[in-house]
Amino acid sequence: MSETTRAQLKGLAGLAVILACWTVYAVYFSPTQGWTFYLQLTVNGIILGSVYALIALGYTMVYGILKLLNFAHGDVFMVGAFIAFGVLTLLGGAYNPAIPAGAGGALIVLCMFAAAMLGSGVLGVTIERFAYRPLRNAPRIAPLISALGVAFFLENSMLLLFGSGFRTYNGFDLISYNGIHLGGANGVFIQYLGLMVIVSSVALMVALIALVRWTQLGRAMRAVSFDREASAMMGIDIDRVIAATFFIGSALAGAAGVMFGLLYSQVYHLMGFFAGLKGFTAAVVGGIGSIPGAMLGGLLVGLVESWAQGYLNGNVADLVVFGILIAVMLIRPRGLFGTPELQKV
Amino acid sequence: MSDTEHPPTPESEPPDRKIGVDQWVAQADDRRQKATGLGGRIAHIWRILPPAGKLALLTPAIVVPFLGISNGNLFNYGIFILIYALLALGLNVVLGFAGLLDLGYVAFFGFGAYIYAFLSSAHSEKGHVYAHHWDAQYSIPVAVAICALLGLFLGSSSRRLLGDYLAIVTLFFGQAFVVFTNAADPYGITNGSNGLANIDPLTFFGGHLTIHTTRGYYWFLLAVVMLMLVVLHFLSESRTGRAWKASREDPLAAEQMGIPVNRIKIMAFSFGAGIAGLAGSIFAAVQTGAFPQNFGTAVLILIYAVVILGGTGSLTGMIVGSIVIIASNQALDSTSPPNQARVLFYAVLIAAVLLTMKTWPKRIAALLGAAVFGLVLHAIVGAVWSNGTNGQVTSGGFLTGVIKHWVLMPVHPHRLAIWGYLLLIVCVVVLVNLKGWWRILVLVPTLSLTAFVWENLMILQPAVTRAVLFGLLLIAVMTIRPQGLFGSAKVEIV
């Protein structure tokens, strides 16, 4: 067993112990005892966490390949949600009588996902081409500042175009707001919408893992993230691989934006900021640069946020999530799955 | 190499070479000085000018325009330029000298303001009564010291983190400050989003010296900025300053040379935080209040725009950057007359065309083409669809006639303007990828489109527009000229 695997296993074991202790406390000793409440929050957390995991994947892929924190990623997520909103409006909205209920709604949602993923993907590639590619050999700090500029530009462009109000995804009829009750009427309630979010994000993640592991592009991506110069000498078109990475990462963010919009049934120009920060937290907690780490990290951040909202209150939830980020950075800077960085002289 | 070969003789090097500049770097310096043309000559003169001369040339630039100006404009322009110059000088220590990306810098500005407000004001909020009325010679140093300590604490807590992680931790710190002052403060000491009002003016020595007029603040700030310029100049040339630059360029090599890299980085962080605290406490006194919205992300971007445009590492750059950025920021404020913003916008547009086109025939072709294209398009659209040209011009001033006949002004512009904005982004993306005369062919309609979007969308929301433009500025400066106006280009050692 290699050194890295052992470190990862130790991290996972520690995490399992912490989670087990927390569960025992929450269920038997906290002011609001009982399994139902706990499980309900856990289900909500998993739904939220799968959205954060999709955002985190974009951060982690870009970091893995360029060693760049893409501050604009959260805003790409926001633009994706807006594109889907535009499609929804263009198709007449959920209440359009021309569309039959059920299958028609599902079709609209499918269109929204397709448009948002395509649009955000193209946006991501454009951002890479104009804001990051010219700075690839510049000092580390230059693309970070450029990314800050991109984030600010995107947020304020949306403000300029669509104003500061909340836009409702009037998607109440698109996917039924009904759900499954587990354990009777007072048991755990799972929305169909939540199930759809979990299923589709798991499907996207499986597709991503398959792509990275078994296709030629995925092999090229792994090679470039391992050693850019050497892979260029092996005949890999670096620019193309990086552009593809940005496309995939941004498309995932766009999909996450649609899910977020459906879950909270509203979009606005600043939604990308905090969601982006949480996605980033997820990527760091999982170990930035690691794809399974981003998934696990996203799930954890979603769970922690949901639990904090349930057992503490809504205002504190964000602070708890970021407190965990700082704690992880101080105690275990490379996260759960990250490999310690060796500095070459 | 055999022993008989001589090393290069010391006589061959000019005697006035600076210590610490080796031959290779010096040659790179010589190469750079061969820049031709008027701009190159001015740049050369500026470079060889001694610092005292630079100060002597810069001072009138800040002082003269504000001698005969009204109080309102002096407040909007003079005082804000100096406050941001001070902030930029502080960020320059962190970002320019030590190379640390501090995205929570604006929180120290806020801390300075709030600490001054707690120490030198009289009011009660939710049962807490503050009536300290400390003199400024006590409260300002205390504010600076607390900010510097906070910087020390934040810097050392993130000591183990890489540069990128420091950026995120500080970003969170800045956000936490805004959230805390706005809403989450449990005791009401910051009075939430209403902020603290009725703060004392700068009172020194028990009231023997009180600064409370706008003009007085202007001279006081000017003195502070000048003093800070001198201090930072000597600091940057000192042992510590050189250590900062060394660890910025190559932390590993600096560590090997015996520089305590971590310690001096934290020191730079703390130093910058102290300067931000100073700026914050003066700012609180100037506007006799501290409000959370003064310390948000927009202000952070503004400070970064000043530092990046001016050129990280250059003291001159901070002053010039502050004049350019803050003057445009205030001109694009929603309370300023829109025509002022319009003139500025078109001036920048024409300057951008002149700068991107390298030869005069191309420049003239682009500008003339845009003028003719606009007129022809206006005539055609006016003939086909009269609602497309009958819209209202927003306070056009002396430009009303020109705009009315050159820019399409639809009666209901909103939806069209949104599509125009998106199309403009596409056009710019295409434009950057084209070369030669093809570029002019696309540039001409793009200029028309820019004017259309400006007149129908942007001028109605100048405050949002300036945020968009500053975001673009950060990208543009970073990709086109990362050293900014006055920074020195990085010598790449391969």
### Query
Share of chain B's accessible area from carbon and sulfur, percent, 1.4 Å?
68
### Task
Ratio to report: Rg/Rh of chain B, with Cα atoms as the point set and Rh obtained by the Kirkwood method; give two decimals.
1.02
### Query
How long, wide and thick is the protein assembly as shown, going by the Cα atoms along their three principal axes, in whole angstroms, largest first?
85, 79, 74
### Query
For A:155-168, what's the mean count of beta carbons from other chains sitting within 10 Å of each residue's beta carbon?
4
### Query
In whole percent, what relative contact order does the stretch A:229-345 give with Cα contacts below 8 Å and a gap of six or more residues?
22
#### Entry: chain A, relative contact order in percent, only Cα pairs under 8 angstrom and at least six apart counted
33
### Query
In chain B, which helices (entire DSSP H runs) extend 20 Å or more along their own long axis, judged by Cα positions, while averaging at least 0.0 on the Kyte-Doolittle scale?
B:105-119, B:136-157, B:163-179, B:214-237, B:261-286, B:315-331, B:338-356, B:360-384, B:414-433, B:436-456, B:462-480
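Given the pairs B:K362/B:K435; B:K362/B:K404; B:K54/B:K265, which span a C-alpha to C-alpha distance of over 20 angstrom in this model?
B:K362/B:K404; B:K54/B:K265
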### Task
In debye, nearest 20, what is the charge dipole magnitude of the protein assembly as shown about its Cα centre with +1 on Lys and Arg Cβ and -1 on Asp and Glu Cβ, if you could check?
1120
### Message
Which one, A:Y28, A:A255, A:A223, is farthest towards the positive end of the dipole of chain A when Lys and Arg carry +1 and Asp and Glu -1 on their Cβ?
### Response
A:A223
### Message
Could you compute the net charge surrounding A:A308? Neighbours are other residues with a C-beta less than 15 Å from the C-beta of A:A308; K and R count +1, D and E count -1.
### Response
-1
### Query
Who wins for biggest fluctuation among A:I180, A:I288, A:I248 in a Gaussian network model of chain A, springs between alpha carbons below 10 Å?
A:I180
### Query
Can you give the longest stretch of chain A with no exposed loop site, where a site means trypsin sites (Lys or Arg not before Pro) in a DSSP loop (not H, G, I, E or B) with at most 16 other C-beta atoms within 10 Å?
A:141-343
### Task
Given the options A:G92, A:G302, A:G183, state which has the largest fluctuation in a GNM of chain A using a 10 Å cut-off (strictly under) for Cα springs.
A:G183
### Quarter of Cα convex hull surface for the stretch A:54-270, i.e. mean projection, nm²
14.1
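The values are calculated or read from the model by the stated rules, or taken from the named source; none is laboratory data. What you are looking at is a predicted structure, and each value in this text was computed from that prediction instead of being measured. Every residue, glycine as well, gets a Cβ built from its backbone with ideal geometry; the counts of neighbours run over all protein chains shown. Keep in mind that these areas ignore ligands, DNA and RNA; they rest on the heavy atoms of the full protein, side chains included. Shrake-Rupley method; radii C 1.70, N 1.55, O 1.52, S 1.80 Å.
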